Structures are given as C-alpha cells and as structure tokens.
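Worksheet: the structure to be examined is printed underneath.
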Amino acid sequence: MKAVNKMSFEYILTLVFGIIMLAVAWFAIEARETVDNVIGESLLGLLSVVGFIILQAPDVAVTAAVIGSGLSSAMFVLTMIKMNKAKMREEKSK
C-alpha cells in the first residue's frame, strides 16, 4: 500500500511540475520584450534541472544546469548587452 501512495504522490508532483514548466515556456514564447524572453528561458532551464532531480537523474540535472541554465543564459545576456551598445552607437551617429 505504501508503494502505491508514494507512486501517486510522485505522479501528481511530476504532473503539476510539468504544467508549471508549460506555463513558463508559454510565457517565454509569448513575451513581447527580449528581456522577458531571456528570463523565461533561464527560468525554464532551472525548472528542467529541478525536474530532472525529481525524476532522480542527478547527472542529467548537473549537465542541464551547466549548459542550459548557465551557458545559454550567459550568452543571451551578453548578446542583449551587445545589441544595446550597438543601438546606442547607432542613435549617437544620427
């Protein structure tokens, strides 16, 4: 009886977590501002790490944390900074 209760709790937790991830993904796609897109993508990466931990896959969680959340987010932020600098230079030249 304990295994069934534990399994249904894990199932419900995974289901709720999946719904939260879908909502964050929808926000990341539908956001109008670039900053909101980057924040949504970064949050989705962090949520995927938590999801892998819930699913008892710590090796995949570490990889997702390093690549998905860390590197991708840093690249997005650096690109946004570069775009803003280019935009400011363009405005100064006008």
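The values are calculated or read from the model by the stated rules, or taken from the named source; none is laboratory data. Not measured: the values here are computed from a predicted model. As a convention, Cβ positions derive from the backbone with ideal geometry for all residues, glycine included, and neighbour counts pool all protein chains shown.
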Problem - Some residue of the stretch 62-79 being over 16 Å from the mean Cα position of the chain (by Cα) and of a type outside the set (Gly, Ala, Ser) - result: yes
Exercise for the section: Say whether the condition of being in a helix (DSSP H, G or I), modelled with pLDDT under 85, hydroxyl-bearing (Ser, Thr, Tyr) and over 28 Å from LEU13 (Cα atoms) is met by at least one residue in the stretch 74-94. Expected result: yes
Handout entry: Residue that is nearest to GLU41 (Cα to Cα) [pool: residues in the stretch 68-86 that are surrounded by 11 or more Cβ atoms within 10 Å (Cβ to Cβ) and hydrophobic (A, V, I, L, M, F, W, C)]
Key = PHE76
Exercise for the section: Please give the number of the condition PHE52 fails out of (1) touching a Pro at 6+ places or on another chain (Cβ under 9 Å); (2) loosely packed, with under 12 Cβ neighbours inside 10 Å. Expected result: (2)
Practice task
Examine the stretch 18-25 for a residue that is among the aliphatic types (A, V, I, L, M), crowded, with 17+ Cβ neighbours inside 10 Å and in contact (Cβ under 8 Å) with a residue 12 or more places away in the chain, and state whether such a residue exists.
Solution key: yes
Problem - Members of the stretch 45-68 that are part of a helix (DSSP H, G or I), under 24 Å from PHE9 (Cβ atoms), without any contact (Cβ under 8 Å) to a residue 24 or more places away in the chain and of a type in the set (A, V, I, L, M, F, W, C) - result: LEU46, VAL49, PHE52, ILE53, VAL60, ALA61, ALA64
